[in-house]
Amino acid sequence: MEIDKEALLAEERRIRRLRRAMDIAVALLWQVDLTLAEAQDVVEHAKKTALELFPDKEETFDLIYGSRFRRVLVEKYRLQ
């Protein structure tokens, strides 16, 4: 039981770290004057961070955060 509790706490810490990293990345995209290439680098770094925290979850990242990042890039850089 104690091991499960520790594993759950570790998972919760990784989830909080992931949320913070993604929120910071989105804020950076909106608030800093970046070129499109620099903005894409921010997104790639965010994805790398997410996959370090949750290996083999690339599809999940794309479903949850990919659309969020695409929306920011489309709106800010007027992409189609």
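Here are some notes:
- Residues of the stretch 1-34 satisfying the condition of being surrounded by fewer than 10 Cβ atoms within 10 Å (Cβ to Cβ), part of a loop (DSSP other than H, G, I, E, B) and either at pLDDT 95 or above or of a type in the set (Ser, Thr, Tyr) (or both): Asp33
- Every residue from the stretch 10-48 that is within 12 Å of Leu73 (Cα to Cα) and of a type in the set (S, T, N, Q): Thr35, Gln40
- Among the residues of the stretch 53-80, just one is surrounded by 13 or more Cβ atoms within 10 Å (Cβ to Cβ), not in a helix (DSSP H, G or I) and not charged (D, E, K, R), namely Phe54.
- Residue within the stretch 42-49 that is part of a helix (DSSP H, G or I), surrounded by 14 or more Cβ atoms within 10 Å (Cβ to Cβ) and touching a Gly at 6+ places or on another chain (Cβ under 9 Å) present: yes
- Tabulated pairs, the stretch 1-24, first within 20 Å of Lys48 (Cβ to Cβ), second charged (D, E, K, R) and part of a helix (DSSP H, G or I), C-beta under 9 angstrom, 6+ apart or interchain: Met22/Arg68
The values are calculated or read from the model by the stated rules, or taken from the named source; none is laboratory data. Keep in mind it's a predicted model, so treat the numbers as computed, not measured. When we count neighbours, we look across all protein chains shown, and the Cβ atoms used for this are built from the backbone with ideal geometry, even at glycine.
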